Amino acid sequence: MTICKRLPLRPLLLALLLAPLASLTPLHAQDNVFTGTNSGADRVRIAAADFKAGSPDSAALKRTFDTVLFSDLGNAGVFDLVSKSMQPQATPGTPQEMRVADWSGGTANATFVAFGSFSSAGGRGTVNAWVFDTHNAQYPQVLGKQYTDTADENGARMMAHKFADEIILRLGGGIPGIAESKIYFVRAAAGTKEIWVMDYDGANAHAVTHLGTISISPRVSPDNSRIAFSSLGNDGFQIRVYSLLLNRMVAFPSAGGTNLSPAWAANGQIAFSSSRSGDPEIYIADANGNNPRRITSSRGPDVSPTWNPKTGSQIAWISGRTGLPQVYIMDTDGAGVQRMTDTGYATSVSWSPNGQFLAFAWDRKYGPGAPGGQDIYLMDVASKTWIQLTNGIGRCDFPSWSPDGRHVVFAVGSGARAEIWTMLADGTGKHRLAPTGSDMPNWSFR
Amino acid sequence: MIQQHTLRTRTILTLAAASMLLLSGCHKKDTAPPPYAAAPTVASPAVPTATLNAEPSAIDLGQSVVLTWRSTGATSAVIDGIGPVNLNGTTNVTPSNSTNFHLVVKGDGGTAEANVRVTVRVPMAPVAPTSSDLGDDAAFHAAVQDVFFDYDSYDLNAAGQTSASQAASYLNAHPNIKITIGGYTDERGSAEYNLALGENRANAVKTAVVNAGVAAGRIRVISFGKEKQFCTEQNEACWQQNRRGQFNIDK
């Protein structure tokens, strides 16, 4: 409802925000980056037919597959997805059964249609899936795929994710889909905080660590092999690393002071905040924690580094060197420091995969008794122009970009009241992924 | 650490209760022995007298003590913790903790009592005396006040300076105590930034204490940010409670 109400206001708001700025970046150009479609251009209209059950006992899993495929294509943000109620009743299971004329006209009016069959035998589920171009009667096939997986809920979900990602890659501007990506997060319960993981759509949430202490700031490595996080021990918070291949903790050197907010570079290096010298500063170390070197030196907190994933040569982070925390960027050798935010209380910065944007939490009117709320903002690095992505849904924090740069996952509410939400990077399509007690989401690199 | 202290208090109380039970249990046996058949005296009976000695009067745990007692004019004698005894006698006892031996003799002319205390030196006594200089939590927290911070600041205000110098003088007077300083923030703002801010707060307190002459090696700093809150309501009074540098004895 919020989204629907806000939609007509957005262009006006954006125009107001950008009007006083000297170097104007046309905003539709920014939208282009998020959605893969330029302003004014239609999104690809695609229908997802219900698949045909190849065997009677596979009907329940087939419904899971249909639901997940439909939801994935909708979540992608690049399609005009035909509502199920607008499309033909038919469930064509093979290209022979497909009559494209039924889908190209009428209320469906689809440019593409995805269809196929789902069958299960001997504990294996098999999906035969196609995408047809409804306007190419002679050679309609755009995509033909076969998937097999275990004949259970997870297997059906996985096959739907893979097919959705294939369609998104093929029709969504050549950017791989995110349906197979994971979101790591912090789950609070009974005085402890453990690291959890869920699928990108909030399904299949389960615990990764069982350390019985307070663990925060999970960051998964670019190859999905390790999670770095910060954990409270006898000597305060230390960086710890869990191997997703070995399913156990692996060594990471500890140091004096508070060590927190690890961040992986695309090349495997790790940046973090450490107060081993007595003041929290940003350090960069090798993937195993060796050769730590300090790259900031200013009094006050320096935390929450995030690498420019595109170049790997810049870091954005949060510094309290001038009082309230602000977003800064610098080169990885500590040179070229630029302050990005001009006021308020800005934290939890995340750099977009294409290197162009920073997402961060910002309370522009911070102070005792101030009316401001903390919301997610997005800033164009080159021009420092920004837009506000959330408003009125509660205190937002910890934005993290999806691998395709089209989505941002974030936390709403704080402490025990936090939930995890996701949205498209233009602020639309907000919905909840994980319930109360979930915080600090981190989207995998792929 | 407060819990440990409570536990210790409980231990003392439990021991006291146990020994009281033991003593009262022995009183019941008073009626058991037959009265000693002393020669009846027609004249007004003599008032009994009693003496009780222990040799040595202080032992290590496991050693024994010789108790010697004498009485006159008595018809029965009882020592608490031992039971009915002869009117004169000696015995060996091996008390497991310091004990008051209490002799009561009864005669026709009345009763008489005698006491002797045997001190048992228990190594690493579970009921450690609270005067140990390794730090007593109650005394420590009575003398040392936490430092409270202004909103979003890690500089000590005037009250904070006072707390820090009080803590420093206590530490200078008790050179064996090591401490931790915990850095805490209120629940507003980012969890990561607050952990760094908590670190700066705890370090600011440490610096003040070190400048007042306490060796830096006696102080360990831990930031808890907003992960461990003293108070969970959402109002300024509560937030102020949470913005603190907390002193604790490092054990």
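Observations, loosely collected:
- Rounded, prolate or oblate (a/c below 1.5 giving rounded, otherwise prolate when a/b exceeds b/c) for segment A:181-443 by Cα gyration tensor: rounded
- Accessible area that becomes buried as B packs against A, both chains, 1.4 Å probe, Å², nearest 100: 2600
- Choice from A:Gln238, A:Gln138, A:Gln314 with maximal GNM fluctuation in chain A (Cα, 10 Å cutoff): A:Gln138
- Complex-versus-alone comparison for segment B:175-196, residues with a loss of 10 Å² or more in accessible area, probe 1.4 Å: B:Glu187, B:Arg188, B:Gly189, B:Ser190, B:Ala191, B:Glu192, B:Tyr193, B:Leu195, B:Ala196
- In order along segment A:139-152, phi translates into HN-Hα couplings of 10, x, 6, 9, 8, x, 9, 10, 10, 10, 7, 4, 7, 9 Hz, rounded to whole numbers, per the Karplus curve 6.51 cos²θ - 1.76 cosθ + 1.60 with θ = phi - 60° and x for Gly and Pro.
- Using Cβ point charges alone (K and R +1, D and E -1), the dipole size of segment B:49-121 about the Cα centre works out to roughly 40 debye.
- Computed over protein heavy atoms with a 1.4 Å probe, the carbon and sulfur contribution to the accessible area of segment A:181-443 reaches 48%.
- Gaussian network model of chain A, Cα within-10 Å springs - most flexible of A:Ala190, A:Ala160, A:Ala76: A:Ala190
- Rounded, prolate or oblate (a/c below 1.5 giving rounded, otherwise prolate when a/b exceeds b/c) for segment A:298-401 by Cα gyration tensor: oblate
- Degrees separating the helix A:153-171 axis from the principal Cα axis of chain A, which is the longest one: 90
- Dipole magnitude of the protein assembly as shown, debye to nearest 20 (Cβ charges: Lys/Arg +1, Asp/Glu -1, about Cα centre): 280
- Accessible surface, chain A, averaged per residue in Å² (probe 1.4 Å): 40
- Converting phi to 3J(HN,Hα) with the Karplus coefficients 6.51, -1.76 and 1.60 and the offset θ = phi - 60°, segment A:275-286 yields 10, 4, 8, x, 9, x, 10, 8, 10, 10, 9, 5 Hz in sequence order, with x at every glycine or proline.
- Between helix A:59-75 and chain A: long-axis angle, C-alpha atoms, 0 to 90°, nearest 10: 60
- Cα shape, segment A:212-306, gyration tensor, a/c 1.5 rule: oblate
- Each stretch of four or more DSSP H residues adds -39500 (n - 2.57); spread over every residue of chain A, this sum gives -4500 deg cm²/dmol at 222 nm.
- Residue among B:Ala212, B:Gln145, B:Gly183 farthest towards the positive dipole end of segment B:131-249, charges placed on Cβ: B:Ala212
- Carbon plus sulfur fraction of accessible area for segment A:44-171, probe 1.4 Å, in percent: 50
- Probe 1.4 Å, accessible area per residue of segment B:131-249, Å²: 38
- Set A:Lys162/B:Lys228; B:Lys206/B:Lys228; A:Lys384/A:Lys430; A:Lys84/A:Lys145 screened for pairs whose C-alpha atoms are more than 31 Å apart: A:Lys162/B:Lys228
- Summarising the overall dimensions of the protein assembly as shown from its C-alpha atoms, the Rg and Dmax are 37.5, 142 angstrom.
- Other-chain or far-sequence residues with amide H under 5 Å of A:Ala265's (modelled H): A:Ile270, A:Ala271
- Sequence-distant aspartates and glutamates (8 or more away, or on other chains) whose Cα lies within less than 13 Å of A:Lys52: A:Asp66, A:Glu97
- Rounded to the nearest 20, the Cβ-based charge dipole of segment B:131-249 about its Cα centre (Lys and Arg +1, Asp and Glu -1) stands at 360 debye.
- Contact order for chain A, expressed relative to its length and based on alpha carbon pairs under 8 Å spaced 6+ residues apart, stands at 10 percent.
The values are calculated or read from the model by the stated rules, or taken from the named source; none is laboratory data. Everything numeric here is computed off the predicted structure, so don't read it as measured data. Here Cβ is always computed from backbone atoms with ideal geometry, including for glycine, and neighbour counts include all displayed protein chains. Surface areas here come from the heavy atoms of the whole protein model, side chains and all, with no ligands, DNA or RNA. Shrake-Rupley method; radii C 1.70, N 1.55, O 1.52, S 1.80 Å.
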